Structures are given as structure tokens and as C-alpha cells.
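The values are calculated or read from the model by the stated rules, or taken from the named source; none is laboratory data. These numbers were taken from a predicted model, which means no experiment stands behind them. Cβ placement follows ideal geometry from the backbone for every residue including glycine, while neighbour counts extend to all protein chains displayed. Note: accessible area is taken over every heavy atom of the protein model, side chains too, but ligands, DNA and RNA are not part of it. Shrake-Rupley method; radii C 1.70, N 1.55, O 1.52, S 1.80 Å.
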Amino acid sequence: MSASWVPEGELPGFGIDHLPFGVFGPARHIGVAIEDHILDLTEGASDGLIDDPGGELGATELNPLMAAGPIRWASLRERVTEILVDESHRDRVTLVKRQGAQLHLPWRVADYVDFYSSLEHATNLGRMFRPDGEPLLPNWRHLPVAYHGRSGTVVVSGTEIRRPKGQTRPGQPGETPPFGPSRRLDIEAEVGFVVGVGSEIGTSVSPDAFSEHVFGVCLVNDWSARDIQAWEYVPLGPFLGKSFATSVAGWITPLAALPGARTTPPPQHPPPLDYLRDDEPWGLDLALEVRLNGTLISSPPFGEIYWTPGQQLAQMTINGASLSTGDLYASGTVSGNEPHQRGSLIELTWNGETSLTLENGEERTFLEDGDEVVISATAPSNSGDRIALGEVRGVIVP
Ligand code: CA
């Protein structure tokens with residue numbers, strides 16, 4: 001791939017083979033990240049440098065561009081690449097420094113679905129909460145389990161996370177439940193998929209139609225109040241223990257940046273039903289890292305996740321539920337085989353039985369006020385280098 005005339009950035013992973021989309025600045029322009037800069041696509045379109053017949057680049061959110069579909073996404077990427085490679089465009093484009101630029105939630109979230117696709121995560125939680133039974137429930141290997149989350153509380157990286165309050169389980173059955181701020185506030189390191197092109201209600205989307213519908217990928221932190229969750233979740237599943245906030249990255253990596261990251265997913269036993277079968281199943285070799293107050297506490301491998309992104313999409317629609325532009329579906333907590341690959345504190349501390357020691361000597365089981373969590377990830381790029389997905393960052397406030 002030809003090099004860009006934009007100087008190499010201090011942080012690697014945002015080169016010409018990546019070009020993630022975001023919405024930035026007080027005027028909410030659409031841009032792509034290139035090295036330490038943002039190329040302003042809204043300005044480029046209004047200057048006539050970038051074709052924008054549908055006006056998608058004049059919007060203050062990515063939804064119109066996402067709805068325009070894969071042919072539009074490909075032609076835009078081709079034009080942006082041309083501009084960033086051919087130095088004759090240098091004086092005609094608007095480049096803004098990424099450092100200090102305000103990033104907004106890049107798209108208006110329609111529905112939000114959260115899966116439970118990691119075999120290791122589901123097994124760890126099963127062992128903790130049902131020590132005498134099979135760790136996996138009977139449905140787990142037959143379908144990607146999920147619940148509907150709250151799209152209105154999806155927030156962009158950097159947004160403060162207010163500690164939720166709520167009811168928790170009484171010490172003794174029959175007692176009044178305690179009420180107050182959560183004391184077991186946790187993270188879930190996840191990978192999210194952003195739907196561009198919707199589907200008709202009453203139809204289903206097969207796993208191999210993934211790239212016709214999905215616009216891009218972003219990191220997700222699905223904040224979770226374990227004490228609220230444990231008391232409320234029977235029998236209808238997660239509710240207030242999850243819905244107070246879900247953080248997503250400010251940069252969405254387009255699928256076109258990820259063919260180099262495609263990997264063979266783990267074998268599935270028993271074989272899934274036909275509607276969950278992909279002709280050529282694939283996962284994404286994303287290497288996640290979770291940092292708590294600067295200390296690396298986990299390195300979850302997304303490439304090992306059991307249910308693939310295509311299967312998750314197929315499961316969401318097999319009953320005829322439609323997709324809408326702006327739908328977000330997330331993988332569920334990504335955990336690997338090794339203890340240092342677990343994507344939540346409840347697994348890393350085994351339900352609070354052990355604690356993590358941070359670099360400054362402090363101990364943690366769950367999050368304290370002022371704690372900052374950063375989830376980042378890299379992946380093999382199309383040029384054999386590595387790209388860095390936009391990080392998702394959040395600080396807990398009382
Ligand atoms: Ca989750």
C-alpha cells in the first residue's frame with residue numbers, strides 16, 4: 001500500500017490502512033483519523049474535493065453514511081485514500097490535530113443487543129454461580145445467548161460514569177433489600193458491531209450477509225453493577241445493573257480495514273443449526289488490553305470467541321426481527337483461556353475472593369470512585385502491520 005503524505009503519528013495503528021470514522025469538534029463534522037490528525041470529510045465534501053451526492057457527509061452523525069451501504073462506503077474509502085496518498089491534495093484538505101479534538105458519540109444508536117458469546121466467560125460465570133452444576137446452561141452451545149440493552153445510555157469514550165444505585169440482595173431471605181450505591185461495580189471488555197444497512201421486518205439475515213449490513217467495529221465497555229444484577233436478574237435477565245451506561249469508542253473501524261484480521265474461529269460442538277452456519281466462518285483476531293488506573297490487568301483475545309459476529313447477526317434476526325441503521329450489537333465479555341485474559345473484574349478476582357494489585361500498590365476487587373478504565377485493541381492490518389482500534393475510556397464518579 002502507498003504511504004500517506006501525513007507524517008507518521010506518535011501512536012501507531014492509525015495509518016492509511018485503517019481510516020476509522022468519527023464525529024468531532026463543536027460543529028460535529030465527520031472525519032477519519034489519519035496518524036495524529038483528523039481529515040475533515042464534511043469540509044472536503046463542501047469544498048467539492050469529495051463527492052457527496054447523497055449529502056451524507058454534511059450530517060452531524062454517521063447514520064446517513066452508514067445507511068448508504070457498502071458501495072458508497074467503498075467509493076468513499078477509495079477517494080479518501082487517494083487524497084491522503086497524492087500530495088497534490090495537501091493544500092486543499094482540512095486536517096485537525098486529534099489530540100485535544102472533542103469526539104462525539106459517532107452515530108445515533110438504534111437498538112442495542114448484548115450477547116454472551118465467549119465460552120470461557122460463560123463457563124467462568126457458571127462455575128462461580130452454579131458450582132454444583134454444569135457451568136454452561138443447556139442452550140449455550142446451540143445459540144448465541146443475548147438480551148436487549150438500553151440504547152439511550154450508550155455514551156462515547158471519555159464520558160464520566162456515575163456509580164449507579166439500586167436494590168441489592170438482602171442478607172437473609174425475607175429481609176428488606178438494602179438500597180444504595182453499587183459496591184460491586186465492574187467492567188465488561190467487549191467488541192461491538194454497528195449496523196449500517198437495515199433489513200425488513202419478517203425477514204432474516206444469514207451469517208454470510210454480514211458485510212452487506214454491518215458498517216464497522218468499535219470497542220465497548222459494558223459497565224455492570226454486579227450486586228444490583230445479582231438481585232434483579234431472575235427471571236428476565238439483566239436490567240438496571242447494566243442500563244445505567246455503556247461506553248463505546250469514538251472511532252469506528254470500517255470492515256474494509258479488517259480483512260487482514262480475519263481468523264478461523266474455534267470449532268463448534270455440536271454443529272450449529274443450518275441458519276447459524278456460514279459458508280466460510282471467520283472471526284477477528286483483535287488483541288484487547290484492559291488497563292485500570294494505568295495498570296494492564298487483562299489481555300482478552302477476541303479471535304478465540306465461540307460465536308462469530310456473523311452468527312450473532314443471524315441469531316438477532318432469525319425470528320424476523322428487523323435490523324435498523326444504527327443498531328449496535330456487542331459480543332459480550334471477551335475472556336480467553338488464561339487467567340490474565342479475563343475481560344471482567346468478577347472473573348479476574350473470582351467474584352471478589354482475590355484482589356488485583358495495581359502498579360501503585362493499591363488493591364482492587366471492584367471499581368472505586370475515581371478509577372479510570374481504558375480498553376484498547378490492535379489487529380493485523382491489510383498491509384501486514386497492525387491497526388489500533390479506537391480506545392474506550394471511562395472514569396467512575398460518585
Ligand atoms: Ca455484557
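Considering region 375-396, and only residues there that are open to solvent by 20 Å² or more (accessible area, probe 1.4 Å) and part of a strand (DSSP E or B), the residue that is nearest to Phe21 (Cα to Cα) turns out to be Glu391. Of all residues in region 308-322, exactly one satisfies the criterion of being buried (at least 21 other Cβ atoms within 10 Å of the Cβ) and in a loop (DSSP other than H, G, I, E, B), namely Thr308. Regarding region 250-266, can at least one residue be identified that is free of Cβ contacts under 8 Å to residues at least 40 places away in the same chain and either within 16 Å of the ligand (Cβ to nearest atom) or surrounded by 23 or more Cβ atoms within 10 Å (Cβ to Cβ) (or both)? No, the conditions are met nowhere in region 250-266.
Within region 100-122, does at least one residue satisfy the condition of being open to solvent by 60 Å² or more (accessible area, probe 1.4 Å), within 24 Å of the chain's Cα centre (by Cα) and of a type in the set (D, E, K, R)? Within region 100-122, one or more residues are open to solvent by 60 Å² or more (accessible area, probe 1.4 Å), within 24 Å of the chain's Cα centre (by Cα) and of a type in the set (D, E, K, R). Scanning region 330-344 turns up at least one residue that is within 16 Å of the ligand (Cβ to nearest atom), modelled with pLDDT of 95 or more and within 17 Å of Gly196 (Cβ to Cβ).
Each row is one residue, and each column tells you yes or no for (1) within 15 Å of Ser376 (Cα to Cα); (2) surrounded by 20 or more Cβ atoms within 10 Å (Cβ to Cβ).
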{"residue": "Val290", "(1), (2)": "yes, yes"}
{"residue": "Ser298", "(1), (2)": "yes, yes"}
{"residue": "Pro301", "(1), (2)": "yes, yes"}
{"residue": "Tyr306", "(1), (2)": "no, yes"}
{"residue": "Ser324", "(1), (2)": "no, no"}
{"residue": "Val334", "(1), (2)": "yes, yes"}
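If you go through region 24-48 and pick out every residue that is aliphatic (A, V, I, L, M) and surrounded by fewer than 19 Cβ atoms within 10 Å (Cβ to Cβ), you end up with 1. From the residues in region 92-133 that are in a helix (DSSP H, G or I) and in contact with a Pro (Cβ under 7 Å, 6 or more places away or on another chain), which one is farthest from the ligand (Cβ to nearest atom)? The residue in question is Arg127.
Would you confirm, using the coordinates I've provided, whether Pro138 is in a loop (DSSP other than H, G, I, E, B), open to solvent by 10 Å² or more (accessible area, probe 1.4 Å) and free of Cβ contacts under 8 Å to residues at least 60 places away in the same chain? For Pro138, the condition - in a loop (DSSP other than H, G, I, E, B), open to solvent by 10 Å² or more (accessible area, probe 1.4 Å) and free of Cβ contacts under 8 Å to residues at least 60 places away in the same chain - is met.
Okay, residues lined up against (1) more than 30 Å from His269 (Cα to Cα); (2) part of a helix (DSSP H, G or I); (3) not charged (D, E, K, R):
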{"site": "Ile297", "(1), (2), (3)": "yes, no, yes"}
{"site": "Gly343", "(1), (2), (3)": "no, no, yes"}
{"site": "Gly361", "(1), (2), (3)": "yes, no, yes"}
{"site": "Glu368", "(1), (2), (3)": "yes, no, no"}
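Can you tell me which of Leu84, Leu95 is open to solvent by 40 Å² or more (accessible area, probe 1.4 Å) and at pLDDT 95 or above? Unique residue meeting the criteria: Leu95.
Of the residues making up region 189-239, just one is open to solvent by 20 Å² or more (accessible area, probe 1.4 Å), within 14 Å of the ligand (Cβ to nearest atom) and outside any loop (DSSP other than H, G, I, E, B), namely Gln229.
Taken together, the residues in region 69-121 that are among the aromatic types (Phe, Trp, Tyr) and free of Cβ contacts under 8 Å to residues at least 40 places away in the same chain amount to 0.
For region 298-318, the tally of residues that are touching a residue at least 60 places away in the same chain (Cβ under 8 Å) and more than 16 Å from the ligand (Cβ to nearest atom) stands at 8.
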